[in-house]
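Accompanying notes for the structure given below.
Only the coordinates and a few stated rules stand behind these numbers; no lab work does. Just so it is clear, the model here is predicted, and its values are computed rather than measured. Please note: Cβ atoms are built from the backbone with ideal geometry, for glycine as well, and neighbour counts cover all protein chains shown.
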Amino acid sequence: MSNAVDGLEGVVAAETVLSEVDGDAGRLLIRGHDLDALAGRWRFESVTSLLWDGFFPSLPTDLARPLGDARVAVFQSLAGAPDLLQRPAVEAVRALIARLPDGDDWDLALQLVAAPAVFTAAVVRARAGEAPVAPDPTLGHAADILRMTRGAAASAAESAALDAYLVTVADHGLNASTFAARVVASTRAGLTSAVLAGLSALKGPLHGGAPGPVIDMLDGIGTPENARPWLEAALDRGDRLMGFGHRVYRVRDPRADALKRAVAALGAGSAAAPGRLALAEAVEAAALAILRERKPGRSLQTNVELYTALLLEALAFPPETFTCMFAMGRASGWIAHAREQLAGGRLVRPQSRYVGPRPHLAA
Ligand code: ACO
């Protein structure tokens, strides 16, 4: 009889001090802090310090300038790799990260956080035929990401919105990409390998690849009145509605509200078309109603990706880069988990149950 757990649902595969996802209460705790106490209040650098505290010897308390210096170091590695910038955004960023050395020290860890930011900005500029913009190590991480992408300073409100996004996605229990990162870390392969594993898992549309398709959905729907027929037709085709459903949350994902607040706070500073937030709210209401009707046995709620798409669009990032943006924040979490795994965990090596033919039954 099989005791394999499909999708490892409900299996506790690690103990962590980093974050707790309470799927029934709709609560995310990051090292003792509720998400609402961090998002929109703390800077990403401070949340990275919080996550990494105790996992690296002699880690500086204030990571703002060291992370700025890491952006500068990583930017230098762009030289000699212009062809890679022409590849699809996630592939380009992954290939560029793979050129960094492997190791376990905090200098490298900061470069691995800086890397998705510097490389994604360079990809965006390459698409427009423009040269990469060198980092300014004196700026905050979010402000410099916007500056490196646009070649001009962003407003304080835009930097704050991006900071809120990076903080919101920095860590989230044992999600698929973090698990992948921990498995690789458990083999003692090094932090670069762990981050590459995390990014590769993140790329899929069921995980961090969902917000790009959310934009396609909103564009396809176009007007609030078209939401129900469009969504019904998508489900009739057997499609999943991107930005809805979650393995752990049975109530609304708390990250959705943190990001919705950040979108609303941008107000007139948003690069999105007028009425976009209202359209998203109409689509959300219609989708939740239809999912309730069609899947009465399963509580399918809004997840982080619906308002991720809205926020990143409002900050003028192209949908192609949305998964890379996610990696900019989640890299801190992957690295914290990799170090935690290395500090206390054994090699991750579960069992499979063989259900194939036996020699005497094979043709
Ligand atoms: N749209 C339509 N139906 C859905 C959706 C959805 N978004 N999500 C789940 N379902 C249905 C499934 O079809 C399935 O129905 P069935 O039992 O009749 O076959 C049932 O709900 C359960 O689905 P599972 O795939 O078993 O649930 P799981 O926990 O594995 O899925 C997941 C979680 C992958 C996030 C899923 O909800 C999904 O595909 N959502 C859309 C993609 C998305 O938004 N991903 C981002 C998630 S957040 C993140 O990773 C950062």
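When restricted to Cα atoms, the chain yields an Rg and a Dmax of 20.7, 72 Å, respectively.
Scaling against 2.2 N^0.38 Å puts the C-alpha radius of gyration of region 123-196 at 1.42. When the Cα gyration tensor is reduced to axis lengths a ≥ b ≥ c, the ratio a/c is 1.5 or higher for region 212-314, and with a/b not above b/c it is classed as oblate. Taking label points 7 Å from Cα along the Cα-to-Cβ direction, E9 and T223 give a separation of 3.9 nm. In order along region 8-13, the phi-based Karplus estimate (6.51 cos²θ - 1.76 cosθ + 1.60, θ = phi - 60°) of 3J(HN,Hα) comes to 6, 4, x, 6, 8, 10 Hz; Gly and Pro are listed as x. Fully extending the segment from S352 to E91 would add 90.9 nm, taking 0.36 nm per residue of separation and subtracting the current Cα-Cα distance.
Distance between the 7 Å Cα→Cβ label points at R65 and R237: 5.4 nm.
Applying the Karplus relation 6.51 cos²θ - 1.76 cosθ + 1.60 with θ = phi - 60° to region 97-103 yields 3J(HN,Hα) values of 5, 5, 7, 6, x, 9, x Hz, where x marks Gly and Pro. When each of the peptides 327-337, 95-105 is scored by how many other beta carbons lie within 10 Å of its residues on average, the order from highest to lowest is 327-337, 95-105. Here the 3J(HN,Hα) profile of region 199-204, calculated from phi with Karplus coefficients 6.51, -1.76 and 1.60 at θ = phi - 60°, is 5, 5, 6, 5, 4, x Hz, Gly and Pro shown as x.
Within the shell defined by Cβ-Cβ distances under 12 Å, the residues around R127 carry a net charge of 0, with Lys and Arg each +1 and Asp and Glu each -1.
For the chain, the 222 nm mean residue ellipticity estimated from helices alone, with every DSSP H stretch of n ≥ 4 adding -39500 (n - 2.57) and the total spread over all residues, rounds to -16500 deg cm²/dmol. Taking amide hydrogens as placed 1.01 Å from N in the peptide plane, the amide H of F244 sits under 5 Å from those of N303, each at least 5 positions away in sequence or on another chain.
Were the residues from E20 through A285 laid out at 0.36 nm apart, the gain over their Cα-Cα distance would be 92.6 nm. Dipole orientation for region 1-113: of the candidates A92, F55, A14, A92 has the Cα lying most toward the positive pole (charges on Cβ; Lys, Arg +1; Asp, Glu -1). Distances between every pair of Cα atoms in region 39-155, grouped in 5 Å steps from 0 to the bin holding the largest one, split as 2, 12, 22, 22, 20, 13, 7, 2, 0 percent.
By the beta-carbon count within 10 Å of each Cβ, the least crowded to most crowded order of V72, V47, fewest first, is V72, V47.
Summary of the geometry: region 328-354 and region 144-176, compared by the centres of their Cα atoms, lie 25 Å apart.
Put simply, when 257-264, 163-170, 130-137, 107-114 are sorted by average Cβ atoms within 10 angstrom per residue, most first, you get 163-170, 107-114, 257-264, 130-137.
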